[in-house]
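Engineer: Have a look at the structure that comes next, please.
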Amino acid sequence: MRALIFLDIDGTLLPFGGEDPYPVHQGPNGPPPAGHPLLDRVDPALGPRLLALGCVPVWATTWLDDANTLLAPWLGLPPLPVVDVASSTEDPPPGGRHWKTGPIVAWAAGRPFVWLDDEITGADRAWVAAHHPGPALLHRVDHRHGLREADLAVVRAWLRDAGCAPAPPRPA
């Protein structure tokens, strides 16, 4: 079964809070489209690298459908499903966990998943371990730098160890 990969944007794909100036990226068609003034901080090479993980990508961000309108084309991603993390009824959730944790676990419905976010804590990991029957990796990304190769290496190793790695391509 292919694992899901839940993607946050702010602080995960879009770095912030570090030292300026941030690298400015150009996409294959030049600068990013208008719509978000910081979109050029997102490395468009992340799209193919995320797809290469072999997971089913899902947005888990307050950007909601704007993620598909603004960011997916910049990353070369198709429109992705969106977890409605903003509709959580727990305000704030008990135990210090993130307000996205419950909606993500509900959306996963027992499937193996990876969650990439810059606000994950031990409280989230403990809650997921107690409430999600499948394997899950909750990986905290450094918001100052955003998703990097070292983060993707952690995900690849976890997918392999959890038995969720994609099958090797078949010879033609």
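The values are calculated or read from the model by the stated rules, or taken from the named source; none is laboratory data. Note that the coordinates shown come from a computational prediction; the quantities given were computed from them, not determined experimentally. Note that each Cβ is placed from the backbone with ideal geometry, even for glycine, and that neighbours are counted across all protein chains shown. To get the accessible areas, we keep the full protein, side chains included, count just its heavy atoms, and leave off ligands, DNA and RNA. Shrake-Rupley method; radii C 1.70, N 1.55, O 1.52, S 1.80 Å.
Engineer: Across segment 123-152, which residue is most open to solvent (accessible area, probe 1.4 Å) among those that are aliphatic (A, V, I, L, M) and in contact with a Ser or Thr (Cβ under 9 Å, 6 or more places away or on another chain)?
Structural biologist: Restricting to residues being aliphatic (A, V, I, L, M) and in contact with a Ser or Thr (Cβ under 9 Å, 6 or more places away or on another chain), the top hit is A123.
Engineer: State the number of residues belonging to segment 27-58 that are of a type in the set (D, E, K, R) and part of a loop (DSSP other than H, G, I, E, B). Break it down into steps so the answer makes sense when it comes.
Structural biologist: Within segment 27-58, the first condition is being of a type in the set (D, E, K, R), and the residues that meet it are 40-41, 43, 49.
From what is left, the residues that are part of a loop (DSSP other than H, G, I, E, B) are 43.
Result for segment 27-58: 1.
Engineer: Taking the criterion of being touching a Ser or Thr at 6+ places or on another chain (Cβ under 8 Å) and in a strand (DSSP E or B), would at least one residue in segment 10-26 satisfy it?
Structural biologist: Yes - at least one qualifying residue is present in segment 10-26.
Engineer: Would you check which residues across segment 102-138 are closer than 16 Å to W59 by Cβ, acidic (D, E) and assigned to a helix (DSSP H, G or I) and list them?
Structural biologist: none
Engineer: Does I120 satisfy being out of contact with any Gly (no Cβ under 6 Å at 6 or more places or on another chain), without any contact (Cβ under 8 Å) to a residue 24 or more places away in the chain, buried (at least 20 other Cβ atoms within 10 Å of the Cβ) and over 22 Å from P32 (Cβ atoms)?
Structural biologist: Details: out of contact with any Gly (no Cβ under 6 Å at 6 or more places or on another chain): yes; without any contact (Cβ under 8 Å) to a residue 24 or more places away in the chain: yes; buried (at least 20 other Cβ atoms within 10 Å of the Cβ): yes; over 22 Å from P32 (Cβ atoms): yes.
Against the criterion (out of contact with any Gly (no Cβ under 6 Å at 6 or more places or on another chain), without any contact (Cβ under 8 Å) to a residue 24 or more places away in the chain, buried (at least 20 other Cβ atoms within 10 Å of the Cβ) and over 22 Å from P32 (Cβ atoms)), I120 qualifies.
Engineer: Would you check which residues across segment 67-117 are within 24 Å of D161 (Cβ to Cβ) and buried (at least 17 other Cβ atoms within 10 Å of the Cβ) and list them? Explain how you work it out, then say what you get.
Structural biologist: At the first step, the residues of segment 67-117 found to be within 24 Å of D161 (Cβ to Cβ) are 101, 104-105, 107-117.
T101, I104, V105, W107, A108, R111, P112, F113, V114, W115, L116, D117, listed by residue number.
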